[in-house]
1. Report yes if some residue within the stretch 119-137 is at positive phi and under 15 Å from the mean Cα position of the chain (by Cα); otherwise report no.
2. Mind checking whether some residue in the stretch 208-220 is polar (S, T, N, Q), surrounded by 14 or more Cβ atoms within 10 Å (Cβ to Cβ) and outside any helix (DSSP H, G or I)?
3. Any idea which of F29, F64 is touching a residue at least 40 places away in the same chain (Cβ under 8 Å), surrounded by 18 or more Cβ atoms within 10 Å (Cβ to Cβ) and touching a Lys or Arg at 6+ places or on another chain (Cβ under 8 Å)?
4. Is there a residue being under 21 Å from F66 (Cα atoms), touching a His at 6+ places or on another chain (Cβ under 6 Å) and not aliphatic (A, V, I, L, M) anywhere in the stretch 231-244?
5. Taking the condition of being polar (S, T, N, Q) and within 20 Å of the chain's Cα centre (by Cα), how many residues in the stretch 314-341 meet it?
6. If the requirement is being over 25 Å from F152 (Cβ atoms) and either without any contact (Cβ under 8 Å) to a residue 40 or more places away in the chain or not charged (D, E, K, R) (or both), which of these qualifies: I212, I250, I255?
7. Which residue is farthest from the chain's Cα centre (by Cα), if the candidates are limited to the stretch 236-283 and must be small (G, A, S) and surrounded by 20 or more Cβ atoms within 10 Å (Cβ to Cβ)?
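The values are calculated or read from the model by the stated rules, or taken from the named source; none is laboratory data. Since we're looking at a predicted model, the values are computed, not measured. In this analysis, Cβ positions are derived from the backbone assuming ideal geometry, glycine residues included, and neighbour counts consider all displayed protein chains.
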Amino acid sequence: MKQDVKHLSAPAVKERIYLYDNVKCLAIFLVVIGHAINFLTDYDGNNLEKSMYSLIYAFHMPLFIFISGLFVKPMNEETKFPKYKVLSFVLIGIVLRIMTSIVNLLLGTSPVYAVLDIYDTYAWFMWAMAVFTALTWLFRGLDKRLVLGLSFLVGCMAGYDSNLGDQFALMRIVVFFPIFLIGYYLDPKTLHIMLNKNWMKILAAVFIVAMILLFVFNGKFALFMRPMFTGRNRFTALDNYYVFGPFFRILSYLIAAAFGVAILCLMPNKNLGYLTTIGARTLQIYFWHKIFLIAAEEFHIYEKIEHFTGGTIATLIYILLAVGLTFFCSLKFFSFPTKQLLAIGKAKK
């Protein structure tokens with residue numbers, strides 16, 4: 001995506017692009033790892049995988065969505081509806097789901113496919129980006145404090161609505177839209193000043209270490225909060241704590257925000273070579289990686305590794321394979337078709 005940094009002077013633009021590309025690089029590695037170990041969290045006794053999955057989902061999608069909002073061009077009342085940009089996101093999502101269905105067919109499994117009924121847990125992000133962009137344009141003339149406040153209120157209460165769920169990714173759109181808006185409304189220059197304070201960096205390091213220890217050694221907390229972190233579940237997933245759903249939603253927002261700030265504080269603000277390049281190619285990695293993971297699960301790669309190594313070692317090896325897959329999908333070869341589809345939104349006015 002085109003990264004148009006708002007309200008920054010020319011010297012700061014280069015630095016900020018490096019910072020956010022580096023953050024996106026970390027986030028896409030976590031996306032691939034999270035998708036790789038997802039099926040392992042269904043097994044009893046895989047506490048390491050469950051804790052790791054919850055830890056990743058506590059912040060990686062909110063962080064992606066925040067940065068996506070941060071680099072949306074400012075819109076005013078004269079701004080025309082960005083129909084081609086919205087269309088490009090929709091088309092990427094449709095093509096992605098077509099390709100995953102074809103892969104399933106080739107592997108002999110039964111794909112479930114529908115053009116409009118977005119039921120799956122993978123291509124939803126592209127549809128959400130289309131809706132986020134459209135809603136931001138729709139609310140462009142309103143007081144941003146009002147829009148942000150109402151969006152958070154709706155996000156906190158949405159878990160009570162039995163009509164919201166995976167269909168059209170409505171629950172995740174409602175839950176994550178405030179995070180997109182924060183990125184859109186935030187002044188990157190103010191954020192840059194805050195992130196460069198040494199005391200913020202110290203607090204960031206302490207927070208991340210503390211949260212890792214909490215998730216690893218308190219599996220019950222990680223498992224309990226997982227439905228809130230994914231953003232797709234109603235409050236019924238909280239069982240007896242259903243009535244307190246909004247408070248746990250707020251807690252998930254706070255944890256995601258603290259994680260995001262901590263990572264932005266600690267991330268190097270310089271060119272890290274190919275890692276920074278990976279951060280600029282996150283969309284193509286997001287598009288292609290799941291296709292390879294589908295094949296890996298179908299051929300039972302993890303089970304074959306586990307047969308020779310044992311569960312914990314197999315998980316570590318599988319994570320390393322996910323890291324390698326991220327590098328592989330970042331090659332220029334895999335820029336098709338996302339580059340071409342995104343060009344629709346950039347070239348058309």
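1. Within the stretch 119-137, the subset at positive phi is none.
No, the conditions are met nowhere in the stretch 119-137.
2. Our first condition is that a residue be polar (S, T, N, Q); within the stretch 208-220, this holds for 218.
Next, from what is left, pick out any that are surrounded by 14 or more Cβ atoms within 10 Å (Cβ to Cβ): none.
No: the stretch 208-220 contains no residue that is polar (S, T, N, Q), surrounded by 14 or more Cβ atoms within 10 Å (Cβ to Cβ) and outside any helix (DSSP H, G or I).
3. Working: F29 fails: touching a Lys or Arg at 6+ places or on another chain (Cβ under 8 Å).
Checking each option against the conditions leaves just F64.
4. Step one: of the stretch 231-244, the residues under 21 Å from F66 (Cα atoms) are 231-233.
Keeping just the survivors that are touching a His at 6+ places or on another chain (Cβ under 6 Å) gives none.
The answer is no; no qualifying residue exists.
5. Step one: of the stretch 314-341, the residues polar (S, T, N, Q) are 315, 326, 330, 335, 338, 340.
Remaining after also requiring within 20 Å of the chain's Cα centre (by Cα): 326, 330, 335, 338.
Here the count works out to 4.
6. Values: I250 fails: over 25 Å from F152 (Cβ atoms); I255 fails: over 25 Å from F152 (Cβ atoms).
Of I212, I250, I255, the one residue that is over 25 Å from F152 (Cβ atoms) and either without any contact (Cβ under 8 Å) to a residue 40 or more places away in the chain or not charged (D, E, K, R) (or both) is I212.
7. Taking the stretch 236-283 and keeping what is small (G, A, S), we get 237, 245, 252, 256-258, 260, 262, 273, 279-280.
Narrowing the set further to residues that are surrounded by 20 or more Cβ atoms within 10 Å (Cβ to Cβ) leaves 245, 252, 256, 260, 262, 279.
Values: G245: 22, S252: 14, A256: 11, G260: 12, A262: 16, G279: 13 Å.
Looking at the filtered set, the residue picked out is G245.
Every residue, every condition in (1) at pLDDT below 90; (2) exposed (fewer than 13 other Cβ atoms within 10 Å of the Cβ), yes or no:
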{"position": "V103", "(1), (2)": "yes, no"}
{"position": "L106", "(1), (2)": "yes, yes"}
{"position": "A128", "(1), (2)": "no, no"}
{"position": "A134", "(1), (2)": "no, no"}
{"position": "G155", "(1), (2)": "no, no"}
{"position": "G159", "(1), (2)": "no, no"}
{"position": "L164", "(1), (2)": "yes, no"}
